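Each remark here refers to the structure printed beneath this line.
The values are calculated or read from the model by the stated rules, or taken from the named source; none is laboratory data. Treat the numbers as computed from the prediction; the structure is a model and nothing was measured. Glycine also receives a Cβ, built like all others from the backbone with ideal geometry; neighbour counts cover every protein chain displayed.
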Amino acid sequence: MPFIQPMPDLREKLSILAADAQYDLSCACGSTPTDRRRRGLDDRWLYPVTLQDGGHSLMFKTLVSNICSSDCKYCPLRAGQDRVRRCSLTPEEIVRAFMPYWRAGEVLGIFLTSGVCGQPDAAMSRMLATAEILRYRERFRGVLHIKIIPGASDAAIERALSLASAVSLNLETAGAAHFAKLTTRKDYLQNIIAPLKRIAALTAPGAPYARVKTTTQFIVGAADETDREVVNYMEGLYDRLGLHGIYFSAYQRGLGTPDLPGETSAVSNADLLRREHRLYQTDFLLRKYGFLAAEIGFDDSGNLPLDVDPKEHWARRHRERFPVDVNRADKAELLRVPGLGPVSVRRILNARRNGGRVRSMESIGLRGARARRVAAWLTY
């Protein structure tokens, strides 16, 4: 007789579904203590989030269900995976698990995501029911992030926006041709692009839900897209759809189907993680440093160099712009100096505004190797 696994109890379901939520990175997970997920009370996973002031907090994050009818070839939870222990949480179970964290001040808020169990709106309905209980019965006013299911109706999207502080819908890759290598059950234009445009229209400045933050995610290396293609898409997402952030998840070989390009790629898992890191750095250049996609440098294969960060790579190709006079340069010029970020630039400008001269990087709080690295591109 085949072995039949017993139905998990609530604690087991929370452990299974919170761990499975790791595959959606709209809350970043990384390798440092501040951006790494950790276990909280009762072994439930808590995920990091970066605050606007640069600090960090934690989000309670769970899948509502890991039952999924989608065939996303990169996803270990896709339909047909017999080794996955399938289960779902009811809205009441999620609320009961989350509220003690919130009342104890352990988390900033909650992130709700789900497998596609049946039709997209069926999966959305359980997340929306959870959100309604939190907002109306529990009077929860913290951060509530809802993952929009590809193909969700306009009505479900608008209801999510009325309840959420933030929403995300994952693009996964750069363009329809690459997307077709990842799934046969989703239409790129209808299930991904059309909902993203609808969300953008409803969250634009002056629109009914302008307060809601919007993000998306790319799976790096699952298809054979290049970084150049991803970066060009990133610029379009920010310029035309007004996204607030983009996340990247390096595909790790062994999770997907044998025919997935990422499974046959010669690129190592370690290099894919470095590629993910370079894309995050490039994302900051576009969002925070005033760079255009056309200014980003790539190697002959169309990918970001792994041995140097993208801002220093740009600086090496534009030696005529350096050295920069730290006491005369404007904000835009200073932001292009390798090693200087928005905080350091603000300190430089404040020091100059208060009548002083910056005579060293140590005077604005930089130390050691970083101070020496920055000084090589400056004059005083």
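Matching residues to (1) buried (at least 22 other Cβ atoms within 10 Å of the Cβ); (2) touching a Phe, Trp or Tyr at 6+ places or on another chain (Cβ under 9 Å); (3) free of Cβ contacts under 8 Å to residues at least 40 places away in the same chain:
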residue	(1), (2), (3)
Gly109	yes, yes, no
Val116	yes, no, no
Ala123	yes, no, no
Met127	yes, no, no
Arg141	no, no, yes
Pro150	yes, no, no
Arg159	no, no, yes
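Any residue in the range 88-106 that is free of Cβ contacts under 8 Å to residues at least 40 places away in the same chain sitting within a Cβ distance under 6 Å of a residue that is in a helix (DSSP H, G or I)? List the pairs, counting only those 6 or more apart or interchain.
So the pair list comes out as Ile94/Thr130.
Go through the range 250-271 and report how many residues are surrounded by fewer than 17 Cβ atoms within 10 Å (Cβ to Cβ), part of a helix (DSSP H, G or I) and not hydrophobic (A, V, I, L, M, F, W, C).
Here the count works out to 4.
I'd like to verify a number: residues in the range 313-355 that are of a type in the set (Lys, Arg) and within 15 Å of Lys288 (Cβ to Cβ), how many? Step through it out loud before you land on a result.
Step one: list which residues in the range 313-355 are of a type in the set (Lys, Arg), which gives 316-317, 319, 321, 328, 331, 336, 346-347, 352-353.
Okay, now just the ones that are also within 15 Å of Lys288 (Cβ to Cβ), so 331, 336, 346.
Looking only at that region, the number is 3.
If we keep just the residues of the range 298-312 that are surrounded by fewer than 15 Cβ atoms within 10 Å (Cβ to Cβ) and touching a residue at least 40 places away in the same chain (Cβ under 8 Å), which is nearest to Lys288 (Cα to Cα)?
Looking at residues that are surrounded by fewer than 15 Cβ atoms within 10 Å (Cβ to Cβ) and touching a residue at least 40 places away in the same chain (Cβ under 8 Å), I get Gly302.
So that you can scan it fast, the table gives a plain yes or no per residue for (1) farther than 25 Å from Gly256 by Cα; (2) modelled with pLDDT of 90 or more; (3) of a type in the set (S, T, N, Q):
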| residue | (1), (2), (3) |
| --- | --- |
| Gly55 | yes, no, no |
| Leu77 | no, no, no |
| Cys87 | no, no, no |
| Thr90 | yes, yes, yes |
| Gly105 | yes, yes, no |
| Leu108 | yes, yes, no |
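Being over 16 Å from the mean Cα position of the chain (by Cα), outside any helix (DSSP H, G or I) and closer than 30 Å to Met99 by Cα, is that true of even one residue in the range 170-186?
Pass one, the range 170-186, residues over 16 Å from the mean Cα position of the chain (by Cα): 175-186.
Keeping just the survivors that are outside any helix (DSSP H, G or I) gives 175, 180-186.
Next cut, closer than 30 Å to Met99 by Cα only: none.
Scanning the range 170-186, I find no residue that is over 16 Å from the mean Cα position of the chain (by Cα), outside any helix (DSSP H, G or I) and closer than 30 Å to Met99 by Cα, so the answer is no.
Can you pull out every residue in the range 330-366 that is among the basic types (Lys, Arg) and within 30 Å of the chain's Cα centre (by Cα)? Steps first, answer last, please.
Within the range 330-366, the first condition is being among the basic types (Lys, Arg), and the residues that meet it are 331, 336, 346-347, 352-353, 357, 359.
Matches in the range 330-366: Lys331, Arg336, Arg346, Arg347.
How many of the residues making up the range 205-220 are loosely packed, with under 14 Cβ neighbours inside 10 Å and out of contact with any helix residue (DSSP H, G or I) (no Cβ under 9 Å at 6 or more places or on another chain)?
If we filter the range 205-220 for residues that are loosely packed, with under 14 Cβ neighbours inside 10 Å, which is where we start, we get 205-206, 208, 210-211.
Those still in the list that are out of contact with any helix residue (DSSP H, G or I) (no Cβ under 9 Å at 6 or more places or on another chain) too: 205-206.
Qualifying residue count, the range 205-220: 2.
Scan the range 199-249 residue by residue and report those that are aliphatic (A, V, I, L, M) and assigned to a loop (DSSP other than H, G, I, E, B).
Going residue by residue through the range 199-249, those that are aliphatic (A, V, I, L, M) are 199-202, 204, 207, 210, 212, 219-220, 222-223, 230-231, 234, 237, 241, 243, 246.
Selection gives Ala204, Ala207, Ala210, Val212, Ala222, Ala223, Leu243.
Could you grab me the full set of residues in the range 313-332 that are more than 22 Å from Leu273 (Cβ to Cβ), touching a residue at least 12 places away in the same chain (Cβ under 8 Å) and either surrounded by 14 or more Cβ atoms within 10 Å (Cβ to Cβ) or among the charged types (D, E, K, R) (or both)? It would help to see each step written out before you state the result.
Step one: list which residues in the range 313-332 are more than 22 Å from Leu273 (Cβ to Cβ), which gives 314-332.
The next check asks that each one be touching a residue at least 12 places away in the same chain (Cβ under 8 Å); those that pass are 314-315, 317, 321-327, 331-332.
Scanning the range 313-332 gives Trp314, Ala315, Arg317, Arg321, Phe322, Pro323, Val324, Asp325, Val326, Asn327, Lys331.
Suppose we filter the range 136-163 for residues that are of a type in the set (A, V, I, L, M) and part of a loop (DSSP other than H, G, I, E, B); how many remain? Lay out the reasoning, then the answer.
Taking the range 136-163 first, the residues of a type in the set (A, V, I, L, M) are 143-144, 146, 148-149, 152, 155-157, 160-161, 163.
Applying the additional criterion that residues be part of a loop (DSSP other than H, G, I, E, B) yields 148-149, 152.
Final tally of qualifying residues: 3.
Can you confirm whether Lys186 is in contact with a helix residue (DSSP H, G or I) (Cβ under 9 Å, 6 or more places away or on another chain), under 13 Å from Leu169 (Cβ atoms) and at pLDDT below 95? Break it down into steps so the answer makes sense when it comes.
On the way: in contact with a helix residue (DSSP H, G or I) (Cβ under 9 Å, 6 or more places away or on another chain): yes; under 13 Å from Leu169 (Cβ atoms): yes; at pLDDT below 95: yes.
Taking the combined requirement at face value, the residue satisfies it.
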